Amino acid sequence: MTDVWGDCVIIQLPNPNGVEIVWTPAHAARLLSECWPVEYGAAYSTALNVCTDAMMGTSPREQARDAFIAAVDEAKIKKLR
């Protein structure tokens with residue numbers, strides 16, 4: 001079962017990724033591990049762990065959303081929503 005967030009997060013990643021509309025912890029974890037412009041930082045590490053935990057059902061999905069937004073802010077990625 002996929003846990004969809006109540007509100008999506010829309011971000012503008014550096015090229016070639018472009019705009020990403022993120023609805024789930026799984027999508028957030030994939031972006032963090034495969035497309036993120038930086039691979040360090042407290043918020044980055046926390047978001048990767050919490051999103052992965054949410055995928056496994058051991059963390060609340062909205063906590064994963066909050067952690068993902070913190071990683072977006074830490075990396076200075078433009079948040080469109």
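Start at zero, step by 10 Å, and the Cα-Cα distances of the stretch 9-79 spread as 24, 60, 16, 0 percent across the bins.
Working out 0.36 nm times the residue gap between LEU80 and ASN15, then minus their Cα-Cα distance, what length gain in nm do you get to one decimal? Going from the current span to full extension adds 21.8 nm. Put a plus charge on the Cβ of each Lys and Arg, a minus charge on the Cβ of each Asp and Glu, and nothing anywhere else: the dipole of the chain about its Cα centre is then about 200 debye.
FYI, it's all coordinate maths here, none of it is from the lab. Given the structure is predicted, the values throughout are model-derived calculations rather than measurements. A quick note on method: Cβ atoms are made from the backbone with ideal geometry, for glycine too, and the neighbour counts reach across all protein chains shown.
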